[in-house]
Amino acid sequence: MRNKDEIINVTRSDMPPMEEFIREISSIWDSRWLTNMGEKHIRLESEIKDYLKVENVTLFSHGHAALELLLQAMDLKGEVITTPFSFASTTHAIVRNGLKPVFCDIKEDDYTIDETKIEALITPHTSAILPVHVYGQICNVEAIEEIAKKHNLKVIYDAAHTFGEEKDGVGVGNFGDASMFSFHATKVFHTIEGGAVTSKDRELKDKLYYLKNFGIQDMDSVPDVGANAKMNEFQAAMGLCNLRYLDEKISHRKQIYDKYVSSLESIDGIKLLKYRSGIKPNYAYFPIVVDPEVFGRTRDDIFDRLKKENIICRKYFYPLISDYECYRDRFPHGDTPVADRVSSRVLTLPIFAELSLDVVDEICELIIGLKH
Ligand SMILES: *Cc1c(COP(=O)(O)O)cnc(C)c1O
């Protein structure tokens, strides 16, 4: 049994065998090439391109930096339609580019942007749609593409949760004009901190390559006001090691996912994440949505009960981005009743490759024990 002093967090970073990482970084002592697109950076970019089944990959120091510079590279103007049901980064990237976020509601069944509500939000100022493949649920990419084509809008996916996922055999990074991935320590695949943009557009890749290095295109030419967002060689080395174990880690996550589903799916008032058919999931998160009328207890009751046992869940995504102090008086909240409701009822339970199935059983029993 678990030592009850041990804290179980919602996630735990995967680590490769330490000797393997040391072997991977040791050549850096010879080369003295620590950053600025070195050998490991080049190798990781190529391996990720194969793993994601995409045409172009650009690595970054952080996923958020990737998203900010991607929006800059696309030279967007005016308004961007997005979801308030996401991590802070999504809307911050819009606002930090001087653009206005317009919040669209999500769908009750998979928590991604409700594509049927996008068109009503389009104005002459709209330049792009920025949906999120939230929890690894892939958005309705076909419908979104149709709307974008019809109104001549760009589509940028926040794919931070979907590393390695596919829809009907197509790598998730192929949808829209471009996608951003996060390789933060808490993500399914990580480089400590890090991220990437994928796109079919080779020119976009070239632009991102110099935007992440201060906009310096070559020694004599600085065409854009860039930033510093280069992935360093130590990050890339961590990525090279982690990538070797990723399929194994995802299969452990699947066992945990399956155990949660089999223990909780018959409990009235608890809605589980069910991936739509055709999706090859990475099992990044395990959100439950609690209906207090049916379950007899609230999301916060479950959070508190598990916390007493040192099991720390997260209320992802609560509050909604549109309710943040920095946004609520600045941009209209939008008509988002589903997002409002889900946000107040959602709880993400622990899931990570090393989580033991006994602890999953314990978590499920604690939840079921609360039911009224
Ligand atoms: C993690 C995350 C990001 C930001 O990525 P970082 O690598 O942490 O900068 C953006 N969007 C979503 C939905 C995320 O979960």
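For this structure, a couple of remarks:
- Overall dimensions of the range 235-311 by Cα: Rg and Dmax, Å: 16.2, 50
- Kirkwood Rh in Å, taken over all unlike Cα pairs in the range 155-261: 15.6
- 5 Å-binned pair-distance histogram of the range 1-53 (Cα, whole percent): 4, 14, 13, 17, 17, 11, 8, 8, 7, 1
- Highest-fluctuation residue, Ser356, Ser221, Ser179 considered, GNM on the chain with Cα pairs under 10 Å: Ser221
- Each of Ser46 and Ala120 was given a label point 7 Å from its Cα along the Cα-to-Cβ line. The distance between the two points is 5.1 nm.
- For the chain, calculated [θ]222 nm from helices alone, where every DSSP H run of n ≥ 4 adds -39500 (n - 2.57): -11500 deg cm²/dmol
- For the cross-link pairs Lys187/Lys207; Lys117/Lys280; Lys274/Lys315; Lys40/Lys77, the ones whose C-alpha atoms lie over 24 Å apart are Lys187/Lys207; Lys117/Lys280; Lys40/Lys77.
- Think of a 1.4 Å ball rolled over the protein heavy atoms: the chain then has 44 Å² of accessible area per residue.
- Size of electric dipole in the chain: Cβ of Lys, Arg +1 and of Asp, Glu -1, about Cα centre, debye, nearest 20: 260
- By average C-beta atoms within 10 angstrom, highest first, the peptides 118-126, 205-213: 205-213, 118-126
- One equal scatterer on each Cα of the chain, no solvent, Debye formula: the resulting log10 I(q)/I(0) at q = 0.15 Å⁻¹ is -1.36.
- Once the Cβ-Cβ distance of Lys77 and Arg297 is raised to the sixth power relative to R0 = 51 Å, the FRET efficiency obtained is 0.60.
- Cα centroid separation, the range 92-151 to the range 1-40 (Å): 35
The values are calculated or read from the model by the stated rules, or taken from the named source; none is laboratory data. Note that the structure is a prediction, hence the values are computed from the model and not measured. A quick note on method: Cβ atoms are made from the backbone with ideal geometry, for glycine too, and the neighbour counts reach across all protein chains shown. Surface areas here come from the heavy atoms of the whole protein model, side chains and all, with no ligands, DNA or RNA. Shrake-Rupley method; radii C 1.70, N 1.55, O 1.52, S 1.80 Å.
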